[in-house]
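Take a look at the structure below.
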Amino acid sequence: MPGYILRRLLGVAVILFLVSFLTFCIFFLLSPDPAVMICGKTCNPARIDQIREQLGVNQPFLAQFWQFLSGIFAGRTYGEGAAAIHCAAPCLGFSFQTNQSVVDMITARLPVSVTVAVGAAVLWLLIGISAGLVSAIKAGTWWDKGAMMFALGGISLPNYFIALVLQYVLVVQLQVLPFPSTPDFGEDPLFWFQSYIMPWTVLAFGYASMYARLTRANVLDTLGENFMRTARAKGLPSLLVLRRHALRPSLTPIVTLFGMDFAGLLGGALITETVFGLNGVGKLAADSIGKNDQPVIMAVTLMAAFFVVVANVVVDLLYAVLDPRVRVKS
Amino acid sequence: MNRTESKARDDGGALLEVRGLTVTFGTPRGDVDVVRDLSFTVDRRQTLGIVGESGSGKSMTSLAVMGLLPKGATASGSIRLDGVEILGKSDAALRKLRGNSMAMVFQDPLSSLNPYYTVGLQITEAYRAHHNVSRKAARAVAIEALDRVRIKDPHLRIDHYPHQFSGGMRQRIMIAIALCCEPDLVIADEPTTALDVTVQAQILELMADLQAETGTGMIFITHDLAVVSQVAQDVVVMNGGVQVEAGSTEQIFSAPQHDYTRALLAAIPRLDDDLEELKMVGDFRTGATR
Amino acid sequence: MSAGEPLLEARNLVKEFTTNTGGVLSGKKRAFRAVDDVSFAVGRARTVAVVGESGSGKSTTARMVARLMPADGGSVLLDGEDVTHGTGAALKHFRSQVQVVFQDPFSSLNPRHTVDRIITAPLDYQGMGVPGGKRQLVKGLMERVGLNPDHSGRYPSQFSGGQAQRIGIARALAVKPKLLICDEAVSALDVSVQAQVINLFKSLQAEDGYSIIFIAHDLAVVRQIAHDVVVMNRGAVVESGTRDEIFDNPTQPYTRSLLAAIPTINPEWEARRRVNEQRERAALT
C-alpha cells in the first residue's frame with residue numbers, strides 16, 4: 001500500500017510537470033509580448049528591452065521554463081541590483097496588471113471558491129442522490145417521471161442562463177435576496193448566506209441532475225442483481241435490503257465521479273463566480289484571460305490541474321477502501 | 001436454538017402442498033400464464049425434483065412459493081406450508097417465513113452473494129432477521145453454519161469476501177445461509193448448474209448429507225435429468241408452464257408415459273452409448289425448424 | 001501432402017497472464033501460466049475434443065489456435081505450415097480455412113444484421129466470389145443447417161437459441177473451412193436442442209469432411225461427437241487418446257475422477273425404459 005501511494009504520487013508529479021510544460025509552451029508561443037503590454041503608451045524600444053530583461057522574457061524558452069519551475073520550489077529574483085525584486089517560494093510570478101504576487105492573489109480568492117464548491121457539493125449530493133433513489137425505487141411512477149424531467153432540465157439548461165434568470169427574478173424583481181457580493185462569514189452571516197445561496201443553487205442544479213440520473217441508473221441495475229433476490233429470500237425487512245444491499249453497490253461508482261467533479265470546482269467555477277460577482281479563483285481566471293495576464297492564467301491553470309490530478313489519486317484509494325474486490329485479492 | 005412458532009410441526013401432513021398454481025404476467029398484449037394449474041406435494045425428509053428446459057416455468061414456480069415473484073407477476077391457486085395457506089399473505093407475514101421456514105439456494109453463487117460484504121455478515125443477517133440475538137451470538141451461529149457445510153477454518157473464513165472463495169465454496173456459503181435458521185423447506189434452483197462436474201458431485205453429496213441430518217423437505221429444480229434421478233424421490237416434468245408428467249423418480253425414468261419426457265430422456269448424451277435420438281429419429285433436421 | 005499428415009498441429013503452446021497478488025494496491029505482479037506446454041494434433045475429417053473444468057486452459061488454447069489471441073510460446077501448424085504469427089494476407093488465408101463457432105449464439109451474432117448478411121460476412125471479408133450467387137449460397141447453407149431458407153431476411157432475435165446457433169454454424173461453413181473450432185458451442189442449449197446440434201455437426205462433417213476442435217466441459221457431450229479426446233487440467237494436458245481409450249480405459253486419476261463425477265441415471269431404470277419402449281414400438285407395427 002505505501003509503495004502504491006508513492007508510485008501514484010510520482011505519477012502526479014510527472015503529470016503536473018507535463019501540464020505546466022504544455023501551458024508554458026502555449027503562452028510562450030501564442031501570447032503577445034508582455035513587455036509591450038506593460039510598457040503602455042509612453043513607450044520606446046529601450047524601455048521595452050528593459051522590461052523584458054526585468055521579466056526574464058528575453059531568455060530562451062527552456063531557460064524561462066526552468067526559472068518558472070525553480071521559482072515554485074525555491075523562489076526567484078526578478079531583475080538585478082537595486083531594481084531586483086525577490087519572490088519567495090512558492091513563487092508563481094507577479095501579475096502583469098497589478099504587480100501583485102500571483103500566489104497572494106490566489107490564496108486570497110481560494111476560500112471563496114472553496115465555499116462555493118463545498119456548499120454546492122452538499123446540495124447536489126443531497127438532492128441528486130435522494131432524487132435518484134426515489135426515482136429508481138418508484139420507477140415508472142409520476143415521482144420518477146417528474147424527477148427525471150427536472151433532471152433533464154438541469155442538464156440541458158446552461159449554467160449562466162439559470163444564473164441570470166435566478167438573479168433577475170430573486171434579486172431584481174422580487175427583491176427577496178440582496179445583490180450578491182463576496183462577504184465574510186464572521187461579519188454578517190445572513191448576508192454571507194444570502195450571497196452564496198444562489199451560486200450554490202445554480203451549480204448544484206446541473207450536477208444534481210447528472211447525479212440523479214446516474215444514481216437512478218445504478219440503483220435500477222443493482223435492484224436487478226441476484227444478491228438482491230438472496231437478501232429478500234432471507235426475510236430481511238425491505239428497508240434493510242435497500243439500505244444495506246442496494247445502496248452501497250449503487251453509490252460506490254458515484255464516489256469516483258464526485259471526487260473529480262468536486263476537484264474541478266475547486267479550480268474555480270468560472271461562469272457562476274463571474275455572473276454573481278464572487279471574487280473567487282474562477283473570476284480571477286476570467287479576468288486574467290480578458291486582460292491576457294499570463295502569470296495569473298498559468299497559475300490558475302496549474303492549480304486546477306493539481307486539484308484534479310490529486311483528486312484522481314484520492315478517488316482511486318477511496319475506491320479500494322469501498323470495494324473489497326479491489327482491496328482484497330482472492 | 002429455539003424453534004419459533006411459525007415452524008412446522010411434524011404431524012404427518014404434507015410439508016408443502018401446492019394446488020392449481022397459476023402464475024400470470026401482465027403484458028401490454030394481455031396476460032400470459034408462465035405457470036398453469038400446477039399441483040404437487042413435498043413431504044419432510046423428501047426431495048421433489050422439478051425438471052424442465054428453459055421457459056418451462058420451473059423457476060417461476062419456486063419464486064411463487066417463496067413469494068418473491070417479480071413485479072408484474074401474480075400467482076393464484078393455493079400454496080399451503082404445513083397446512084397454512086401462504087398465497088396471498090401480506091409481505092410482512094411472508095417475510096417471517098422466508099429464510100426461516102423456507103429458504104432458497106440459487107443457481108449462480110457468485111452473483112447471488114453481495115460482493116461488498118463478508119460472508120459472515122451475509123450469514124448473520126439471515127439469522128438475525130429471525131432471531132433476536134447479539135452480533136456475537138449470531139457470529140457463533142455463522143461459524144457453526146460454515147463448519148456444517150464443510151468449510152475449513154470457519155472462524156477465519158467468516159471474515160472473507162465472496163470473491164475470495166471458489167465457485168463450489170460460494171455455493172456452500174449459499175447453503176449455509178439457507179440452512180442457518182433450520183428451515184423446514186429448502187428450494188434449490190439449479191444449485192449445481194454453474195459448477196464444474198467434480199464440484200457438482202461434492203455439493204450434491206453435501207446437500208444429501210445435510211438433508212439427512214436436518215430432515216428438511218426439498219424442492220430441487222434443474223434441467224439436468226441425470227442429476228434429478230439421483231437426488232429426488234418424486235419428479236414433476238414441466239414444459240411450457242404446465243406439468244407434463246409426475247410420479248416417483250423410478251416411474252418417470254423407467255416407464256415415462258408422456259412423449260415429451262421420452263424425447264427429453266432420449267436427448268441426454270450418455271457416457272456409455274450413442275445419442276438415442278440419432279438412432280430413433282430418421283431426419284433430425286426436419287424437427288429443427290419447428 | 002500425405003493423407004496421414006494431420007490437418008492441424010498445436011505444438012508446445014504457452015499462454016501467460018500477469019496477475020496481481022496480494023491486492024491491486026500492493027502492485028506485486030506474478031505471471032500465471034494459463035496454458036502450459038500444450039500439444040495435440042487434429043486429423044483430417046476428425047473431431048478432437050479438448051475437455052476440462054473451468055480454469056483448465058481449454059478455451060485459451062482454442063483461442064490461440066484460432067488466432068484470436070497471440071501465443072506466448074509454441075506454434076500452430078496448419079497443413080504443415082506455421083501459422084502462429086502470420087499477418088495480413090497470411091492471416092486472411094488462415095481465416096478462410098479455420099472458422100469458429102462460439103458458446104452464446106446471440107452475443108456472437110450482430111443483432112442489427114439479417115441472417116443473410118451474417119452468413120455472407122466471412123465471404124465478404126475474404127473477398128470470395130460465389131458461383132451461382134450469394135443468395136443461392138445462403139439458402140443452401142440455411143437448408144443444410146436445418147433452417148427455413150425463407151427466413152434469411154430475419155434478425156437473430158427472431159430465432160430460438162438452437163436456431164441462432166445454427167446460424168452461427170452456417171456462417172462458419174460459408175467459406176468452406178477445413179477446420180471448425182467450437183468453443184462450448186452446445187453448452188448454452190437445452191438438452192433436446194443440444195442433441196440436434198451435435199447431430200448436425202456430425203452429419204455436416206460426414207458431407208464436407210472438415211475437422212473439428214470441440215472445446216467442452218461436458219464429457220457426455222464429448223462422448224457423442226469426438227474421435228479423439230484431450231483432457232486438460234490447470235493449463236496442462238493430463239491425458240489424450242482416442243475416444244474409447246479415454247472413456248473406457250482412462251489411465252490418469254484426474255480423468256477417472258472426472259468421469260466418475262458425471263451424474264448418470266440408474267442403469268436398471270434405463271434398461272427397463274428401453275425394454276418398455278421397444279415393446280410399445282413392436283405393438284404398433
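No lab work stands behind these numbers, since they all come straight from the coordinates. Here the structure is a predicted model, which is why all the values come from computation and not from measurement. Using ideal geometry, Cβ is built from the backbone for each residue, glycine included, and neighbour counts are taken over all protein chains shown.
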### Query
What Cys residues in chain A are without a partner cysteine, judged by a Cβ distance under 4.7 Å?
A:Cys25
### Task
Pop a pseudo-label 7 angstrom from the Cα along the beta-carbon direction at both A:Leu164 and A:Phe28 and give the gap in nm to one decimal.
4.0 nm
### Task
Send over the Kirkwood Rh of chain C, from the inverse of the averaged 1/r over different Cα pairs, rounded to one decimal Å.
20.6 Å
### Query
If we sort B:71-84, B:194-207, C:76-89 on the protection proxy, mean other Cβ atoms within 10 Å, highest first, what's the order?
B:194-207, B:71-84, C:76-89
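Divide by every residue of chain C the summed helix terms, -39500 (n - 2.57) for each DSSP H run of at least 4, and state the resulting mean residue ellipticity at 222 nm, rounded to the nearest 500 deg cm²/dmol. Write down the numbers at each step before the final one.
Values: 10 runs with 111 residues, N = 285.
One gets -12000 deg cm²/dmol as the mean residue ellipticity at 222 nm.
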### Message
Tell me the Kirkwood radius of region A:78-224: reciprocal of the mean inverse pair distance over distinct alpha-carbon atoms, in Å.
### Response
18.4 Å
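Evaluate E = 1/(1 + (r/R0)^6) for C:Arg154 and C:Glu245, where r is the Cβ-Cβ distance and R0 equals 60 Å; express this FRET efficiency to the nearest 0.05. Walk me through the numbers before you get to the answer.
Working: r = 44 Å, r/R0 = 0.74.
Plugging the Cβ-Cβ distance into 1/(1 + (r/R0)^6) gives 0.85.
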### Query
Between C:Ala260 and A:Phe21, what FRET efficiency follows from the Cβ-Cβ distance if R0 is 51 Å, with the result rounded to 0.05?
0.15
### Task
Take each of the peptides B:172-179, B:108-115, C:59-66, A:67-74, average the number of other beta-carbon atoms within 10 Å over its residues, and list them starting from the highest.
B:172-179, C:59-66, B:108-115, A:67-74
### Message
Along the Cα→Cβ direction, 7 angstrom out, place labels at A:Val118 and B:Ser166. What is the inter-label distance in nm?
### Response
5.3 nm
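For chain B, just run the numbers: alpha carbon Rg, then divide by 2.2 N^0.38 Å, N being how many residues it has.
On the way: Rg = 19.8 Å, N = 290, 2.2 N^0.38 = 19.0 Å.
Output field value: 1.04.
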#### Entry: Separation between Cα centres of region A:180-214 and region C:25-90, rounded to whole Å
60 Å
### Query
Roughly how many whole Å is it from the C-alpha centroid of region A:276-330 to that of region B:59-133?
47 Å
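Other chains near B:123-136: what is the mean number of their Cβ atoms within 10 Å of each residue's Cβ? Don't jump to the answer; show the numbers that get you there.
Details: counts 1, 0, 8, 6, 1, 2, 6, 3, 0, 0, 0, 0, 0, 0.
Mean number of neighbouring Cβ atoms from other chains: 2.
Find out how many positive minus negative residues lie around C:Ala261, taking Lys and Arg as positive, Asp and Glu as negative, among other residues whose Cβ is under 10 Å from that of C:Ala261. Write out the running numbers ahead of the final one.
On the way: positive: C:Arg256; negative: B:Asp196, C:Glu53.
After counting each charged neighbour, the total is -1.
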### Query
If you find the alpha carbon centre of region C:132-197 and of region A:1-80, how far apart are they in angstrom?
66 Å
### region C:8-284, relative contact order in percent, only Cα pairs under 8 angstrom and at least six apart counted
24 percent
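Across peptide C:187-196, how many C-beta atoms of other chains are within 10 Å of each residue C-beta, on average?
On the way: counts 0, 1, 2, 8, 13, 9, 4, 5, 12, 9.
Neighbouring Cβ atoms belonging to other protein chains average 6 per residue here.
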## Note on the structure
Once normalised by the length of region A:2-87, the mean sequence separation of its alpha carbon contacts under 8 Å that are 6 or more apart gives a contact order in percent of 18 percent
### Task
Using +1 at the Cβ of each Lys and Arg and -1 at the Cβ of each Asp and Glu in region A:196-330, identify which of A:Leu203, A:Gly277, A:Ala305 lies farthest towards the dipole's positive end.
A:Leu203
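What does the charge count near B:Arg157 come to, summing +1 for each Lys or Arg and -1 for each Asp or Glu among other residues with Cβ under 15 Å from its Cβ? Numbers along the way, then the final one.
Values: positive: B:Arg139, B:Arg148, B:Arg150, B:Lys152, B:Arg170, B:Arg172; negative: B:Glu144, B:Asp147, B:Asp153, B:Asp159.
Summing Lys and Arg as +1 and Asp and Glu as -1 gives +2.
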### Message
Starting from 0.36 nm per residue, how many nanometres of slack lie between A:Met260 and A:Ala139 once their C-alpha separation is accounted for?
### Response
40.7 nm
### Query
Which whole number gives the average count of other chain Cβ atoms within 10 Å of the Cβ atoms across peptide A:238-247?
2
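Which of the peptides A:101-114, A:148-161 is most tightly packed, and how do the rest follow, judged by the mean count of other Cβ atoms within 10 Å per residue?
Details: A:101-114: 18.4, A:148-161: 15.2.
Put in order of decreasing packing, that is A:101-114, A:148-161.
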### Task
Give me the lysines in straight-line cross-link reach of A:Lys138: C-alpha distance below 25 Å, same-chain residues under 8 apart excluded.
A:Lys234, B:Lys71, B:Lys89, B:Lys96
## Note on the structure
Between the modelled labels at C:Ala283 and A:Val172 (7 Å from Cα along Cα→Cβ) the distance in nm is 9.6 nm
### Query
Which residue, C:Val221, C:Val186, C:Val51, has the most motion in a Gaussian network model of chain C that connects Cα atoms within less than 10 Å?
C:Val221
### Summary
So, relative contact order of region B:1-155 in percent, Cα under 8 Å, 6 or more apart, is 21 percent
### Summary
For region A:190-198, Karplus-derived ³J(HN,Hα) couplings (6.51, -1.76, 1.60; θ = phi - 60°; whole Hz; x for glycine and proline) come out as 5, 5, 4, 5, 4, 6, 8, 4, 5
#### Entry: Diffusion constant of region A:102-327 at 37 °C, which comes from Stokes-Einstein with the Kirkwood Cα-pair radius and 0.692 mPa s, µm²/s
170 µm²/s
### Query
Does the protein assembly as shown classify as rounded, prolate or oblate by the C-alpha gyration tensor (a ≥ b ≥ c root eigenvalues; a/c under 1.5 gives rounded; else a/b over b/c gives prolate, otherwise oblate)?
prolate
### Query
For A:Leu6 and C:Ala236, FRET efficiency with R0 = 41 Å and r from the beta-carbon atoms, rounded to 0.05?
0.60
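Subtracting the Cα-Cα distance from 0.36 nm times the residue separation, let me have the gained length for B:Glu182 to B:Ala255 in nm, one decimal. Show your work: numbers first, answer last.
Values: separation 73, 0.36 × 73 = 26.28 nm, distance 3.62 nm.
22.7 nm is the gain from fully extending B:Glu182 to B:Ala255.
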### Query
Could you give the length gained on full extension between B:Val133 and B:Asp273, defined as 0.36 nm per residue of separation minus the Cα-Cα distance, in nm?
44.8 nm
